Amino acid sequence: MPRRRLLPCTLFLGLATCAPAQPPGDGAAASGGCDPRFRVVNASGLPVERLFFSPANLNAWGADQLGDRMLPPGRTLGFAAANPGAYDFRVVWTNGQAAELRAVNLCTASNIVITNGSLNAS
């Protein structure tokens, strides 16, 4: 699996792929029958320090979606992808460990669940 490079946010101003949003619901009509909104659920025992997601066909992660926030255990955040399709996800916990999940189809998965040491889509 190729490694992705973390690129500064300024390189992605024209290619922004995501923005905070409401949880999945009735936004399917706006994206041709696919609702690109999803939730990230921290079901692990540690806070998540960094969260990245990008279209699966890109070879870079882009900006940390948490910014200066953390995602504590038991908490959920909602996001929306700019376009429907397959996305890759990466999280980094406060202990420095990281996990990745590749090629998640946001037309069929609306939850990214962070567990101890891994990510799952449902």
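Readers should treat all values here as calculations from the given coordinates under stated rules, not as data from a laboratory. Not measured: the values here are computed from a predicted model. Neighbour counts are summed over all protein chains in view; Cβ atoms, including those assigned to glycine, are modelled from backbone coordinates with ideal geometry.
Starting from the Cα of A60, move 7 Å in the Cα-to-Cβ direction to define the label point; list residues of region 66-92 whose amide nitrogen is under 19 Å from there.
Those under the cut-off are 66-67, 82-83, 87-91.
Quick check: net charge around G67, other residues with Cβ under 12 Å of its Cβ, Lys/Arg +1 and Asp/Glu -1?
On the way: positive: R50, R69; negative: E49, D64, D68.
Neighbour charge sum, excluding G67 itself: -1.
What net charge is computed for the residues neighbouring G78, neighbours being all others with C-beta under 9 Å from the C-beta of G78, Lys and Arg scored +1, Asp and Glu -1?
Details: positive: R37, R39; negative: none.
Net of charged neighbours comes to +2.
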